[in-house]
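Q: Here it is, the structure in full.
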Amino acid sequence: TQLLEQSPQFLSIQEGENLTVYCNSSSVFSSLQWYRQEPGEGPVLLVTVVTGGEVKKLKRLTFQFGDARKDSSLHITAAQPGDTGLYLCAVKVSGTYKYIFGTGTRLKVLA
Amino acid sequence: DAGITQSPRHKVTETGTPVTLRCHQTENHRYMYWYRQDPGHGLRLIHYSYGVKDTDKGEVSDGYSVSRSKTEDFLLTLESATSSQTSVYFCAISPRDTHDEQFFGPGTRLTVL
């Protein structure tokens, strides 16, 4: 069974701080997605990373796909209260139409 | 906006009652999914569909059935609801011409008493 492990599970920081969250697996993936979910809403896609070593930036968010395509990180610079939410990574299981999600990192940014 | 709606948005029901949740999409995407989200478990796949009348099981399919008689609608049925099925249910679609991304509906909060 392929698993996606996310760390940390919970993170509470002050506005302006930097943070990194991780998504790890023992399997190789063709692509990996990051989502953010706010309370009472469905997850919203942030980015897809495809190439090993790829780095993508979305304003203050930097996403990296590991060289071996088994892991990924999300770095937030100068966090703001609007970054508060549940961050999920996800992959499609190779050869299927199925997806698996990590259990998420719940981030709270305090003003 | 992927044009996904779910109904109802909230439902309270009693153990043993049948329940049907509806997912509707407006963009004729082939792939549709049902997930449940519970604390400590993240999103878990219940069933998915890869076309009209084509469905398959996910990792937590016991106690659930699905139907897809037309492209735009994907129904999830709990034949006899149990308290363990209290959860938030999300529908998602996947446009296959992209890199495997999914787009989610707003969710249905189901409480089984």
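Q: Kindly evaluate B:Leu76 against the criterion of being in contact (Cβ under 8 Å) with a residue 24 or more places away in the chain, in contact with a His (Cβ under 8 Å, 6 or more places away or on another chain) and not hydroxyl-bearing (Ser, Thr, Tyr).
A: yes
Q: Does B:Glu72 qualify as being within 11 Å of chain A (Cβ to nearest Cβ), open to solvent by 10 Å² or more (accessible area, probe 1.4 Å) and of a type in the set (D, E, K, R)?
A: Answer is no for this residue.
Q: Filter region B:13-44 for residues that are touching a residue at least 40 places away in the same chain (Cβ under 8 Å), under 30 Å from A:Phe10 (Cα atoms) and open to solvent by 70 Å² or more (accessible area, probe 1.4 Å) and give the result.
A: Hits for region B:13-44: nothing passes.
Q: If you don't mind, there's one more thing I want to ask. From the list B:Tyr50, B:Tyr33, B:Tyr64, pick out the single residue that is modelled with pLDDT of 95 or more, within 24 Å of A:Tyr35 (Cα to Cα) and aromatic (Phe, Trp, Tyr).
A: Among B:Tyr50, B:Tyr33, B:Tyr64, only B:Tyr33 is modelled with pLDDT of 95 or more, within 24 Å of A:Tyr35 (Cα to Cα) and aromatic (Phe, Trp, Tyr).
Q: If a residue must be within 11 Å of chain B (Cβ to nearest Cβ) and open to solvent by 10 Å² or more (accessible area, probe 1.4 Å), how many such residues does region A:27-37 contain?
A: The number of residues fulfilling the criteria is 2.
Q: If B:Val88 passes every condition in (1) in a strand (DSSP E or B); (2) away from chain A (no Cβ under 13 Å); (3) open to solvent by 10 Å² or more (accessible area, probe 1.4 Å) but one, which one does it miss?
A: (2)
Q: Looking at (1) open to solvent by 20 Å² or more (accessible area, probe 1.4 Å); (2) within 12 Å of another protein chain (Cβ to nearest Cβ); (3) free of Cβ contacts under 8 Å to residues at least 60 places away in the same chain, which one does B:Ser49 not meet, given that it meets all the others?
A: So the condition that B:Ser49 fails would be (1).
Q: Could you check region A:1-51 and list, in sequence order, the residues that are touching a Ser or Thr at 6+ places or on another chain (Cβ under 8 Å) and free of Cβ contacts under 8 Å to residues at least 24 places away in the same chain?
A: A:Thr48, A:Val49, A:Val50
Q: Considering only region B:91-113, state which residues are facing chain A (nearest Cβ under 8 Å), part of a strand (DSSP E or B) and modelled with pLDDT of 95 or more.
A: B:Ala92, B:Phe104
Q: Report, ordered by the first and then the second residue, all pairs with beta carbons closer than 9 Å, sequence separation of six or more or different chains, a first member in region A:52-63 that is closer than 10 Å to A:His75 by Cβ, and a second member that is outside any loop (DSSP other than H, G, I, E, B) and of a type in the set (Asp, Glu).
A: Cβ pairs passing all conditions: A:Arg60/A:Asp83; A:Leu61/A:Asp83.
The values are calculated or read from the model by the stated rules, or taken from the named source; none is laboratory data. Everything numeric in this text was worked out from a predicted model, so none of it was measured. Cβ atoms come from the backbone with ideal geometry, glycine included; neighbour counts cover every protein chain shown. Heavy atoms of the whole protein, side chains included, go into the accessibility calculation; ligands, DNA and RNA do not. Shrake-Rupley method; radii C 1.70, N 1.55, O 1.52, S 1.80 Å.
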